[in-house]
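Below is one structure; the comments refer to it alone.
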Amino acid sequence: MNDDDGYCILFLIIVNKILKSHPGFTMTTQGNKEVIVNGIQKISQEQWQADVLLKAGDSVEGAAIPARKLVLAERSVVFKKMLEPDEIKASAKLETVTLYEMKHEEVEALVEFMYSADGSIPCQSLRKHARSLYLAADKYEIPHLRDICRKELISSLNPSNAVSILELAQIPLDIVLHHCAFAVVRSNFNTIAYSDKFKSFAINYPDLAVEIMKSYLTSSKSRKICSYCGSRCRSCCNY
């Protein structure tokens with residue numbers, strides 16, 4: 001059994017207690033896992049027995065996303081500490097937690113992940129919010145979500161976003177994401193070097209900018225002179 005299987009099984013055991021007390025929970029001909037997965041998603045959609053409200057930094061008045069503390073605490077060590085019972089906080093009023101660094105849609109995507117029994121997130125939400133969810137995963141200590149977002153960010157790497165993703169990989173340092181973004185920047189440095197993004201990046205990360213330039217120059221010198229175009233190129237001879 002791999003880590004993902006163990007992660008899923010642990011969460012299924014916890015949410016099973018919630019599901020069994022849900023009025024609409026019945027055993028059907030579906031597989032046990034499918035029942036659990038569909039049931040926990042239904043609870044989220046119905047906002048059943050929510051005991052905390054999540055708001056974003058840009059949420060309008062009254063726009064909050066209901067959730068259950070048990071689910072949030074299981075997914076995130078930071079949420080667990082934030083939501084621990086506190087006599088000073090004790091109140092009949094529903095507790096509200098504001099995630100100031102996130103937008104409303106991003107918080108919705110985060111909650112959607114929290115309620116996914118198999119630790120997944122819809123592709124559309126992941127593509128749209130990978131960057132913000134990656135930062136949220138780091139801040140709220142959700143390793144599995146960070147892994148998912150890292151994979152999406154790496155698959156989306158191209159010359160136009162490589163610098164910003166490389167910068168993202170520094171907070172905090174993510175070795176895998178760093179190396180992948182670094183390679184794309186170096187390979188396309190002849191065009192990226194003149195962009196405003198890289199100029200700004202060089203100001204914030206001067207040592208890393210120098211490292212990129214040195215790596216690019218070393219790589220350029222190691223290429224042979226192309227017999228077709230007379231320069232050190234990659235396109236003609238696959239160097």
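Annotations
- Counted residues, region 159-186 - those being among the polar types (S, T, N, Q) and in contact (Cβ under 8 Å) with a residue 24 or more places away in the chain: 2
- Residue in region 58-73 that is surrounded by fewer than 13 Cβ atoms within 10 Å (Cβ to Cβ), under 15 Å from TYR115 (Cα atoms) and modelled with pLDDT of 55 or more present: no
- Of the helices (runs of 4 or more DSSP H) lying entirely inside region 111-230, the ones with 3 or more residues being crowded, with 19+ Cβ neighbours inside 10 Å are found at 123-139, 143-155, 162-168, 175-187.
- Cβ-Cβ under 6 Å pairs, at least 6 apart or on other chains, region 193-217 side closer than 20 Å to SER160 by Cβ and assigned by TED's automatic domain parsing to the domain that holds PRO172, far side surrounded by 14 or more Cβ atoms within 10 Å (Cβ to Cβ) and of a type in the set (Phe, Trp, Tyr): TYR216/PHE189
- Pair list, Cβ < 9 Å and 6+ apart or interchain, from region 67-78 residues that are closer than 16 Å to LEU53 by Cα to residues that are polar (S, T, N, Q): ALA67/SER44; ALA67/GLN47; ARG68/SER44; ARG68/GLN49; VAL71/SER44
- Some residue of region 87-101 being part of a helix (DSSP H, G or I) and surrounded by fewer than 21 Cβ atoms within 10 Å (Cβ to Cβ): no
- Here is the figure for region 159-203: residues that are more than 21 Å from the chain's Cα centre (by Cα), over 17 Å from TYR216 (Cβ atoms) and not β-branched (Val, Ile, Thr) total 2.
- Scanning region 104-158 for residues that are closer than 21 Å to ILE65 by Cα and hydroxyl-bearing (Ser, Thr, Tyr) turns up TYR115, SER116, SER120, SER125, SER132, TYR134, TYR140.
The values are calculated or read from the model by the stated rules, or taken from the named source; none is laboratory data. Remember, predicted model here, so these are calculated numbers, not experimental data. All Cβ positions, glycine included, derive from the backbone under ideal geometry; neighbour counts span all protein chains shown.
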